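Undergrad: First, the structure itself, so that you have it in front of you.
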Amino acid sequence: MSATPHQPTVTEREARQVAEAAREQDWRKPSFAKELFLGRFRLDLIHPHPMPAEDDVQRGEEFLAKLRDFCETKIDSARIEREAQIPDEVIDGLKDIGALGMKIDTKYGGLGLTQVYYNKALALVGSANPAIGALLSAHQSIGVPQPLKLFGTQEQKDVFLPRCARTDISAFLLTEPDVGSDPARLATSAVPDGDDYVLDGVKLWTTNGVVADLLVVMARVPKSEGHKGGITAFVVEAGSEGITVENRNAFMGLRGLENGVTRFHQVRVPAANRIGPEGAGLKIALTTLNTGRLSLPAMCVGAGKWCLKIAREWSAAREQWGKPVALHEAVGAKISFIAATTFALEAVVDLSSQMADENRNDIRIEAALAKLYGSEMGCLMADELVQIRGGRGFETAASLAARGERAVPAEQILRDLRINRIFEGSTEIMHLLIAREAVDAHLSVAGDLIDPDKSLSDKAKAGANAGVFYAKWLPKLVAGPGQLPRSYGEFNRHVDLSPHLRYVERSARKLARSTFYAMSRWQGRMETKQGFLGRIVDIGAELFAMSAACVRAEHLRLTGQHGREAYQLADAFCRQSRIRVDELFGRLWSNTDDLDRKVVKGVLAGTYEWLEQGVIDPSGEGPWIADATPGPSRKENVHRPIR
């Protein structure tokens, strides 16, 4: 696709360089998941399960009780679905109880909740209505509060955080009509002019953008004398002159979501509103997402719990062939999958969140794995619930109620959850992002060997360094505790979970060997093997989930919270997960990736165009990608701040 006149033309290599520069390069703290991909099963980093402080628990539980009461008495999810809008009084009520400031420090008027309780709150409110969960998450996880907390000046925190805690809704604006996961092509500009920057451009899919008071905007500052330039982050007042919300977008799910298209035309932003230095915008965005991504799997946990509740109640009440449908094996297997997966997903989210709160570990891979795994498994659980409900699963809640049955919104939860596989990094992008981190150690020692721009002397030096690294590392992948029958014996309680942990340890070493073999085989072409890399990451996600499930089961046993039942669920999940892992390992080397590439080339060349005959395309007319040429808006401003 050719670039529009204002769109930067970027080569594939340049795009990679921009993404690489935005990565957090150093590993100053240990990472369980990073070690896992290197073949080292560091159970000591997650077991015993980290515990929250008592005052954090008390503060969190008090707010959860208040939020539950609000959800039960003030939120009418059916009305939000029917009217495709969250009522203003609901948002005002959320402001009154402090829900806008859950993650904001108490000294700025926030609640100061931990990541653990913030996620529990999102799971709760998201189960009442997923659009409300998305609003609160976009406001706090990626909107103004989080980047200011990490990178803002004291003056910025003093000015903006009290507003975000109680009154102002925020939004995060990165995506553009022709720019998604490739930010090197970002076209929105911020031109320095005295003590201001002047913003021009168009942003797409601005969650909360229709009702936002404050925006985090990513824009490109041109390089000039005294200005380093590059993609830069700004806090922008949503009501500034020159900002037009041109459209409120509508989606298959999350119908209450206030998501729009925002145009900037000669918008003046004070230099004091720049977050961090020029050129640091992408790094700020990615660092913000390191923990911000945990909000999505948290809401998937809430969805899983609801799916389990409905599956249990319905499958006990519905009888076929003389017994409840739950007792028919075909249905029972689905219920077991929902129960076991919900348990494991909650284990992943709670463990990652508690590690984020303690700040002892680097959880960038754990959070990314949680987002990837939670969004995929959440959709599967919702799909299985629709299947368990049969025709009633496909029927809307309003239709069920109209004919006298319980208004169960099973089809709605499936529609609402589907976006999570795209939000905040699609599954495909998450595979590549996590894979890049997983092979970081290899690229650190051997990257110059496969870089065509490096000199022979650089390659020789890299070869020597790689030789030293692999001489120490490879022998450790041959044998380990996973081959000893008594390893992890402390997990042999009501049910013996130790075989699953031994399996994880063996599989981690196998995963590392597979990665090394692939790098040796494909070298510089490794980054093009996206199918292989995706399977590597999926294996790592399953191993992380199995580890978290076992650790959580033992934690619940020690604290006297349904330990026997937790062990049963962990065992069921691990057995299901191991089947998936074995299949993924097989597909590393036995797959149709090469053939698929040939077919795709044929499709693009029109070779199979005859196969498309015999249908009618109901799509409307218009360009595939809307024109985003900078300039004044010609549309009505649909911005509606809630006051």
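The values are calculated or read from the model by the stated rules, or taken from the named source; none is laboratory data. Since the structure is predicted, the reported quantities are computational estimates derived from the model, not experimental observations. Here Cβ is always computed from backbone atoms with ideal geometry, including for glycine, and neighbour counts include all displayed protein chains. Only protein heavy atoms, including side chains, enter the accessible area calculation; ligands, DNA and RNA are left aside. Shrake-Rupley method; radii C 1.70, N 1.55, O 1.52, S 1.80 Å.
Undergrad: Can you find, within segment 297-322, the residue that is modelled with the lowest pLDDT among those that are of a type in the set (D, E, K, R) and open to solvent by 60 Å² or more (accessible area, probe 1.4 Å)?
TA: Glu319
Undergrad: Okay, moving on. Restricting the search to segment 256-279, which residues are under 18 Å from Ala171 (Cβ atoms) and in a loop (DSSP other than H, G, I, E, B)?
TA: Of everything in segment 256-279, those that are under 18 Å from Ala171 (Cβ atoms) and in a loop (DSSP other than H, G, I, E, B) turn out to be Gly256, Leu257, Glu258.
Undergrad: Find the residue count for segment 64-107, including only residues that are of a type in the set (A, V, I, L, M, F, W, C), closer than 21 Å to Ser141 by Cβ and more than 25 Å from the chain's Cα centre (by Cα).
TA: Looking only at that region, the number is 4.
Undergrad: From (1) in contact with a Gly (Cβ under 9 Å, 6 or more places away or on another chain); (2) open to solvent by 10 Å² or more (accessible area, probe 1.4 Å), pick out the condition that doesn't hold for Ala212.
TA: The one condition Ala212 does not meet is (2).
Undergrad: Can you tell me which residues in segment 573-582 are among the hydrophobic types (A, V, I, L, M, F, W, C) and over 10 Å from Ala344 (Cα atoms)?
TA: Within segment 573-582, Ile579, Val581 meet the criteria.
Undergrad: If you go through segment 32-58 one residue at a time, how many are open to solvent by less than 20 Å² (accessible area, probe 1.4 Å), in contact with a helix residue (DSSP H, G or I) (Cβ under 6 Å, 6 or more places away or on another chain) and of a type outside the set (Val, Ile, Thr)?
TA: Adding up the residues that qualify gives 7.
Undergrad: For segment 176-205, enumerate the residues that are among the polar types (S, T, N, Q) and in contact with a helix residue (DSSP H, G or I) (Cβ under 9 Å, 6 or more places away or on another chain).
TA: The one that is among the polar types (S, T, N, Q) and in contact with a helix residue (DSSP H, G or I) (Cβ under 9 Å, 6 or more places away or on another chain): Ser181.
Undergrad: Are any residues in segment 420-430 open to solvent by 30 Å² or more (accessible area, probe 1.4 Å) and either at pLDDT 90 or above or under 16 Å from Ser514 (Cα atoms) (or both), and if so, which ones?
TA: Once the filter is applied, which keeps residues that are open to solvent by 30 Å² or more (accessible area, probe 1.4 Å) and either at pLDDT 90 or above or under 16 Å from Ser514 (Cα atoms) (or both), segment 420-430 yields Arg421, Ile422, Glu428, Ile429.
Undergrad: With the condition being under 30 Å from Leu36 (Cβ atoms) and touching a Pro at 6+ places or on another chain (Cβ under 8 Å), I'd like the helices (runs of 4 or more DSSP H) fully within segment 349-468 carrying at least 3 qualifying residues.
TA: Result: 364-389.
Undergrad: Would it be correct to say that Thr559 is modelled with pLDDT under 95, open to solvent by less than 90 Å² (accessible area, probe 1.4 Å) and of a type in the set (Ser, Thr, Tyr)?
TA: yes
Undergrad: Go through the residues of segment 528-538 one by one and say whether even a single one is free of Cβ contacts under 8 Å to residues at least 24 places away in the same chain and either assigned to a helix (DSSP H, G or I) or over 23 Å from the mean Cα position of the chain (by Cα) (or both).
TA: Yes, there is a match, as at least one residue in segment 528-538 is free of Cβ contacts under 8 Å to residues at least 24 places away in the same chain and either assigned to a helix (DSSP H, G or I) or over 23 Å from the mean Cα position of the chain (by Cα) (or both).
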